[in-house]
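Okay, so here's the structure we're looking at.
The values are calculated or read from the model by the stated rules, or taken from the named source; none is laboratory data. Bear in mind that the values here come from a model prediction, so they are computed numbers and not experimental data. Using ideal geometry, Cβ is built from the backbone for each residue, glycine included, and neighbour counts are taken over all protein chains shown. Only protein heavy atoms, including side chains, enter the accessible area calculation; ligands, DNA and RNA are left aside. Shrake-Rupley method; radii C 1.70, N 1.55, O 1.52, S 1.80 Å.
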Amino acid sequence: MPSSNHLSAPVYRVRVWDLPTRWFHWLLASAVLAAWLSQGDSRYVDIHVFVGYLFFGLLVFRLVWGIVGTQHACFRNLAFGGHALWRYLITLPTKQRQHFLGHNPAGSWAIFGILGLGLVIAVSGILTLGGENQQGPVAGIFNFAQGETFHLVHKVTAWIMLALIAVHISGVIIASVLHRENLIRAMVTGVKQCPTEQISVASQAPVALVLLVVVIISAGGYFRGYLTATPDQPYLPFVGTTLPSNALWQEECDDCHLAYHPSLLPKRSWEKLLATQQEHFEENLGLAPEMIATLRTFALNQSAETAPTKTAWKIYRTTPASESPLRITETPYWQQRHQRLPEEVWKHSEVKSKANCDACHFDAPQGTFEASAMMVK
Amino acid sequence: MQKKHLVIAGIALLPLVNPPLVYATTAVEQLLVEYRSQGATEFTVEAGKELFFKEFVDAKSTQVRQCTTCHTDDLRQPGKHAKTGKRIDPLAPSVNPKSLMEIKNINKWLKRNCEWTIGRECTAQEKGDVLTFMQSQ
């Protein structure tokens, strides 16, 4: 049905974007935003990982929808060559600018760029999780060093993605102004206004509904552990491997402080600590030689060099070979990980000291120090 | 005669009724005997209490140290490790039945904590007094 604007030229309302395409767009945008906000903080790694899976799933959906979806969502209608892109861009500031009902060539290129780069980000994220954290679908396949490389790829491509999104948003604003049509609203309502009558695409609402239900069920399944968590039994999204323990180590160390797992310091540190037991942080432990021998064997067999966890590997890697720190808090990795914490944290009545790892790390007694296994106070 | 036998049997079986109390006493009693054999005389709650609250100045750090630094003024309350802040179970056997149970443990902590607090090992007299005081709590 034609309606009239103030110039009284006929205007036809045409549905350009089907519902699945629109919901995909805003879900993907939300996923990117959530991923950005949850990155770089170990407490929120599980959120970041879920959002990453969501992001990956949405991209796969869009690839399928680009083949079986409606007219303007289909990749074959977005396949503009470099020449078409160039012509669109150079005529954009002039009166000869071309208008497209669906995506213009610049928008199409942005879509392919975001989809392609998005896949690299999602896959490198899963590989990072598998290598660095030994979690997720590829846990155990890659080592920490490979995980670190994947992490670098993940970070660099994420930054490029941000730049691409900035270009995409600028393009939407510029095109909206120049073509005098609100492209953002069109992506919400699906409708554009045309001077000529055009065929609307089907709404495809059932597909959109299935997409939304799958997203909600996945989120519910992924985060269900939080529903049954109690203060005494906190939910740990990531459970690390079980590290070897030793009864004497547990008993003697735990007398005065958390029985720090030997994988938190290198061999040379344990040698020094056990050799100076008569001056153990101003206390003479007075342990019998045979006890020291047992503790020493356990410590040296399970030291940071064995790298059973990311934390152990990072501590070993970042501690200069010339140094034998006697405190875990003296290692560069510990300091780097805790540098952003305000001083008040250490004075908190339940933290008391930097030695009190388990005040915040739920799995400190196990020595795994998994991401997300942290109390937020 | 029958009654007397029953009383004797009852006394003999008493340790089975509340073993921890009896063993705790046994551990401390054994140690007190040992200390006496090392030349200590009579042990009193008062002397032990005085030692428990006495202030010592650590030569190296110049900080004041006393038993109460970690164990607090009230032995029935949990204490806190001076350096790490870790919780220490109450010393008083009346609230912590595990306290003063094992000779091995008592020896370990008396040695380690006398060295930290006083800067030397405690004498047999001091150990006997402080154990007598703790046991009374």
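Data table
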| item | result |
| --- | --- |
| Test: residue in the range A:263-275 that is more than 30 Å from the chain's Cα centre (by Cα), within 14 Å of another protein chain (Cβ to nearest Cβ), farther than 30 Å from A:His151 by Cα and open to solvent by less than 20 Å² (accessible area, probe 1.4 Å) | no |
| Counted residues, the range B:79-99 - those being more than 10 Å from chain A (Cβ to nearest Cβ) and either of a type in the set (S, T, N, Q) or open to solvent by less than 50 Å² (accessible area, probe 1.4 Å) (or both) | 8 |
| Filter result (within 14 Å of chain A (Cβ to nearest Cβ) and buried (at least 16 other Cβ atoms within 10 Å of the Cβ)) within the range B:48-62 | B:Phe56 |
| For A:Glu252: the one exception among (1) assigned to a helix (DSSP H, G or I); (2) crowded, with 18+ Cβ neighbours inside 10 Å; (3) away from every other protein chain (no Cβ under 13 Å); (4) not β-branched (Val, Ile, Thr) | (3) |
| Count - residues of the range A:327-340 that are within 13 Å of chain B (Cβ to nearest Cβ) and open to solvent by less than 80 Å² (accessible area, probe 1.4 Å) | 2 |
| A:Glu330 vs. criteria under 23 Å from A:Cys253 (Cα atoms) and in contact (Cβ under 8 Å) with a residue 12 or more places away in the chain | no |
| Any hit, the range B:63-75, residues being without any contact (Cβ under 8 Å) to a residue 24 or more places away in the chain, open to solvent by 30 Å² or more (accessible area, probe 1.4 Å), within 14 Å of chain A (Cβ to nearest Cβ) and among the polar types (S, T, N, Q) | yes |
| Total residues in the range A:35-47, condition without any contact (Cβ under 8 Å) to a residue 24 or more places away in the chain, assigned to a helix (DSSP H, G or I) and open to solvent by 50 Å² or more (accessible area, probe 1.4 Å) | 2 |
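Results for (1) modelled with pLDDT of 95 or more; (2) surrounded by 16 or more Cβ atoms within 10 Å (Cβ to Cβ); (3) over 26 Å from the mean Cα position of the chain (by Cα), shown as yes or no for each residue.
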site	(1), (2), (3)
A:Glu279	no, no, yes
A:Thr294	yes, yes, yes
A:Pro342	no, no, no
A:Glu350	no, no, yes
A:Cys357	no, yes, no
A:Ala364	no, yes, no
A:Gly367	no, yes, no
